[in-house]
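Let me begin by presenting the structure, written as structure tokens, before commenting on it.
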Amino acid sequence: MINQEIEQRLKEPFAQSDVEFRIARVLKNNQKAVVLAYITSRAVMDRLDQTFGINGWTDNYKVLENGIVCSLSVRINDEWISKEDTAPFTNIEALKGGFADALKRAAVKLGIGRYLYNLPEYYVDLVKDRPYQVDDSKIHKYFSREVSGWWVEPNLPSWAMQGQQPKEEKQNTQRVEKPHINYDNSSNGYNDDEIPETKEVNNSYLSPENLPNDRGQLQVLLNDYVKALIERNALTDRKKQEYLAKINERDASVGLLKYFYKQFTLIEKLFSLIQNGNVSEEERVDIYRSIMKANTSKLLTIEQDLNQKAA
């Protein structure tokens with residue numbers, strides 16, 4: 001394979017299923033958020049495997065005081081070429097998240113996913129009621145002390161999707177604010193004929209004392225809460241799988257689901273305190289472990305302690 005072909009393959013857009021979005025900033029006055037597109041580290045590794053083979057690339061890492069350095073090397077015509085970049089530690093699973101982000105940043109220097117920087121700035125609405133007539137995997141929940149709401153991932157322009165790259169369209173890209181996506185409820189842990197009947201869940205349920213007593217409503221709410229926490233690196237992958245398995249059990253009790261909701265609100269509160277500098281790294285680890293192990297009464301004590309730190 002000649003160098004030009006390699007370069008073209010590395011720069012090829014990914015399928016939309018490999019692209020995810022995260023909130024970059026929130027516009028509190030008009031209930032909107034700016035979202036950015038990114039690819040996963042697994043998508044980067046697949047692209048490297050497809051281009052160079054599993055023995056045609058290697059990655060090495062250095063752990064610094066505040067982050068990770070990734071040196072990514074690929075073999076082209078029997079010559080090794082290396083690119084290097086850094087990333088800070090993440091709030092949860094600090095090393096794992098830092099390694100993944102450093103790999104993605106180094107891969108951008110090879111051209112992988114670099115086209116995402118050419119996307120327009122996307123604005124999405126933060127709405128009070130959960131959208132239901134859209135693909136469930138595209139719906140997310142944003143929580144903060146100032147503003148909360150549901151938002152839907154925008155659609156990518158055709159030039160930014162695998163196999164569709166008309167150059168002229170790149171110049172005419174418009175902001176996408178209210179995309180319409182086909183609804184698919186297969187991701188909630190049930191088969192289509194086993195999905196419990198649910199009603200819309202909105203922000204009136206954000207207060208634990210106002211939670212619904214309907215199991216189906218709670219399961220929908222908690223599934224989306226897990227998505228929001230994962231999106232903000234506030235849950236490990238292992239805890240995500242454990243929670244989803246327990247939340248989506250057919251005989252999950254309402255009491256247990258409400259207990260999970262209380263845990264989630266404290267994890268979210270802890271994450272906000274970390275961002276604001278109210279909680280140290282050592283405290284973060286201890287508090288996170290306490291939340292995971294605490295019974296209901298202990299969770300109330302933890303909540304009081306977190307409220308004092310926020311004051």
* To do: Multiply the residue gap between residue 73 and residue 275 by 0.36 nm, knock off their C-alpha separation, and tell me the result in nm, one decimal place.
  => 69.3 nm
* To the nearest Å, what is the center-to-center distance of the range 1-48 and the range 235-281, using C-alpha atoms only? -> 27 Å
* Extension reserve of the residue 127-residue 62 stretch, reckoned as 0.36 nm per residue once the Cα distance is removed -> 19.2 nm
* Those lysines that a straight Cα-Cα span of less than 26 Å connects to residue 293, excepting residues fewer than 8 apart in one chain -> 96, 141, 227, 239, 240, 246, 258, 262, 269, 309
* Which of the trypsin sites (Lys or Arg not before Pro) found in the range 214-311 are loop residues per DSSP with 10 or fewer other Cβ atoms within 10 Å of their Cβ? -> 250
* To do: Please give the length that would be gained between residue 28 and residue 96 if that part of the chain were fully extended, namely 0.36 nm times their separation in residues minus their C-alpha to C-alpha distance (nm, one decimal).
  => 21.3 nm
* Whole-Å semi-axes of the range 42-124's equivalent ellipsoid (Cα gyration tensor) -> 22, 19, 11
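Laboratory data are not the source of any read-out in this text; all were calculated from the coordinates shown. Since the model is a prediction, treat every value here as computed from it, not as a measurement. Cβ coordinates were reconstructed from backbone atoms using ideal geometry, including for glycine residues, and neighbour counts include every protein chain displayed.
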